[in-house]
Amino acid sequence: SEFLDIIAISQMTPGPIAVNSATFVGIQVAGFLGAVVATIACILPAMVVVNILGYLYYKYRELTIIDGVLKSLRPAVVSLIASAGLSILILSFWGDQVPSLDSTQWLAVLIFAVALFILRKFKKDPIVVMIGCGAAGAVFHAISLAL
């Protein structure tokens, strides 16, 4: 039961699940101080590794092998981002149902199409467009509840 609570709370709150879970476990075990220590312990190793890699990159960035390695990683990064985006798109349009015209959430498709048009045509800031999409979704949801 406690494990399910950890998972539920860590998925509800913004941020990575590992950090949220560590914070929750820390607070359960040792209160506020435990939450702080657990969160720092979860984040610190990644921070150290990223700082070391950043230092090494700036020190050796002129080496052609470093440039080759980074160029070879770009397609993998792009494909990972595209895969995540496609998963979110499918979830937004069809939820957990089998994709079909009947199960399509047309409001989500409309908001996506308008956002894509605004991003491509007017070159607006993506953060502003995402906030606008969230606001539009909230307004349409509120209207649908009122009807």
For segment 18-63, give me the residue count where each residue is open to solvent by less than 50 Å² (accessible area, probe 1.4 Å), out of contact with any helix residue (DSSP H, G or I) (no Cβ under 7 Å at 6 or more places or on another chain) and among the aromatic types (Phe, Trp, Tyr).
0
Would you check if ALA38 is in contact with a Gly (Cβ under 6 Å, 6 or more places away or on another chain) and in a helix (DSSP H, G or I)?
yes
First in segment 74-103 and within 20 Å of LEU116 (Cβ to Cβ), second anywhere and of a type in the set (Gly, Ala, Ser) and surrounded by 10 or more Cβ atoms within 10 Å (Cβ to Cβ), Cβ under 6 Å, 6 or more apart
SER92/ALA108; PHE93/ALA108; TRP94/SER103
Of everything in segment 64-82, what is aliphatic (A, V, I, L, M) and open to solvent by 80 Å² or more (accessible area, probe 1.4 Å)? Give them in sequence order.
ILE65, LEU73, VAL78, LEU80, ILE81
Considering residues of segment 124-147 that are at pLDDT 95 or above and not in a helix (DSSP H, G or I) only, the residue most open to solvent (accessible area, probe 1.4 Å):
LYS124
Suppose the filter is farther than 29 Å from ALA22 by Cα and either surrounded by 12 or more Cβ atoms within 10 Å (Cβ to Cβ) or within 22 Å of the chain's Cα centre (by Cα) (or both); does TRP106 pass it?
no
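Given the condition closer than 25 Å to ALA18 by Cβ and open to solvent by less than 80 Å² (accessible area, probe 1.4 Å), answer yes or no: does some residue in segment 110-123 qualify?
Checked segment 110-123: no residue is closer than 25 Å to ALA18 by Cβ and open to solvent by less than 80 Å² (accessible area, probe 1.4 Å).
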Just one of the numbered conditions (1) modelled with pLDDT under 95; (2) part of a helix (DSSP H, G or I); (3) open to solvent by 70 Å² or more (accessible area, probe 1.4 Å); (4) not acidic (Asp, Glu) is not true of GLY85; which one?
(3)
Filter pass, GLY15 being under 30 Å from MET130 (Cα atoms), open to solvent by less than 80 Å² (accessible area, probe 1.4 Å) and assigned to a helix (DSSP H, G or I)
no
The condition from (1) at pLDDT below 90; (2) on the phi > 0 side of the Ramachandran plot that ASP5 misses is numbered (2)
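The values are calculated or read from the model by the stated rules, or taken from the named source; none is laboratory data. Here the structure is a predicted model, which is why all the values come from computation and not from measurement. Here the Cβ is made from the backbone with ideal geometry for all residues, glycine too, and neighbour counts use every protein chain on show. Accessible surface is based on the protein model in full, side chains and every heavy atom, while ligands, DNA and RNA are left aside. Shrake-Rupley method; radii C 1.70, N 1.55, O 1.52, S 1.80 Å.
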